[in-house]
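Below you'll find the structure, written out as structure tokens, and then a few comments.
The values are calculated or read from the model by the stated rules, or taken from the named source; none is laboratory data. In this text, all values refer to a predicted model and were calculated from it rather than measured experimentally. Using ideal geometry, Cβ is built from the backbone for each residue, glycine included, and neighbour counts are taken over all protein chains shown.
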Amino acid sequence: MADAQGSVAGVAPVGAVIPPTHDAAPPQGAERAPAPPRDDVQPVENETRDRIITGTVTVVPFLALGIAVWQTWNGLLQPRDVVIFAVLYLLTGFGVTVGLHRLFTHRSFKAKPPVRATLGVLGSMAIEGPIISWVADHRKHHAFSDQQGDPHSPHVDHGVGWKGALRGLLHAHVGWLFIHTQRGLKTRYAPDLIADPIVKRINDSFVLWVTLGLLTPFVIGWIWGGTLTAGLTALLWGGLVRVLLLHHVTYSINSLCHFFGRQRFTTGDESRNLRWLSIPTLGEAWHNNHHAFPTSARHGLNHWDDPSMWVIWTLEKLGLIYDVQRVTESRMAKKAI
């Protein structure tokens, strides 16, 4: 199989492809990439509207959690709600980790069109934003990790001491979603996806996939339970609570995994591995491993600690994906701390 190769991404001219297959930044003390130019940021047409939408998507699931706690306390939670929640969490979670992240952002493997479309739709149903925006922001994060230009670093321009640390963690977790000062310019960081007809179609239909992601648990619950109440309860757990948990698990990669945990490899940034978070993040919390070898399809470098790699391995064995990028032991040894 192919080895995960790449080089450090610099600042390319506007409109050029920023390779998503770069390795991590230089070691500490080495020359870092220059700060991004002012035209590196994606323009926003209506920031107030976007903030209202982001606030709604952030707050409503929290309100739903209160209802879910009340329901559980009063013994109204049904086993079918747990099943619907778990299945949709895994499907949309793998849509983010295997699809948006490892396939579309870093091109860790190649997939046949039906698989690309399915992963794109499932990732969109997670309601973390359209594919192209998601990818552009994440590629820019890697290009300027924990330095000026990173859309969500907890370490840049947040002050010092514990107050600065808390401000940085809050910014990296959710605060950056409400501002647009460092968002990745789509034509610069994701021109390959803009030119991809499958991705472009899914990206432009984002509202449809959001609706489907909420309608699906409602319909399943209604059919399974036979009542409207069963449908609404399934929507609560398989829709809103699922979105809440998946969002904040994903956001924790930006915040917690750049602040706490172990650094196994030299990366030149503050990316860290956080073992206890690896299962709920479906393998994404091996973040220092990922920053050391961004194109590697496997983030957890053991066989048991990366659920997303289980999916990739299965798809590969079925012949649905190919050219899976793997890291050799010799390359890991060269970057090991």
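Quick look at the numbers
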item: Residue count, the range 106-157 (criterion: crowded, with 20+ Cβ neighbours inside 10 Å, more than 19 Å from SER308 (Cα to Cα) and charged (D, E, K, R)); result: 5
item: Candidates ASP196, ASP192, ASP157, filtered to the one that is at positive phi and of a type outside the set (Lys, Arg); result: ASP157
item: Subset of the range 70-88 (residues that are surrounded by 12 or more Cβ atoms within 10 Å (Cβ to Cβ) and assigned to a helix (DSSP H, G or I)); result: GLN71, THR72, ARG80, ASP81, VAL82, VAL83, ILE84, PHE85, ALA86, VAL87, LEU88
item: Flag if ILE279 is touching an Asp or Glu at 6+ places or on another chain (Cβ under 9 Å), touching a residue at least 24 places away in the same chain (Cβ under 8 Å) and not small (Gly, Ala, Ser); result: yes
item: The range 176-197, residues that are surrounded by fewer than 20 Cβ atoms within 10 Å (Cβ to Cβ), in contact (Cβ under 8 Å) with a residue 12 or more places away in the chain and within 17 Å of TYR251 (Cα to Cα); result: PHE178, HIS180
item: Residue within the range 198-209 that is under 21 Å from LEU103 (Cβ atoms), outside any helix (DSSP H, G or I) and either among the hydroxyl-bearing types (Ser, Thr, Tyr) or touching a Leu at 6+ places or on another chain (Cβ under 8 Å) (or both) present; result: yes
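Matching residues to (1) modelled with pLDDT under 95; (2) among the hydrophobic types (A, V, I, L, M, F, W, C); (3) touching a Cys at 6+ places or on another chain (Cβ under 6 Å):
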site: ARG272; (1), (2), (3): no, no, yes
site: TRP286; (1), (2), (3): no, yes, no
site: HIS291; (1), (2), (3): no, no, no
site: SER308; (1), (2), (3): no, no, no
site: TRP313; (1), (2), (3): no, yes, no
site: TYR322; (1), (2), (3): no, no, no
site: ALA336; (1), (2), (3): yes, yes, no
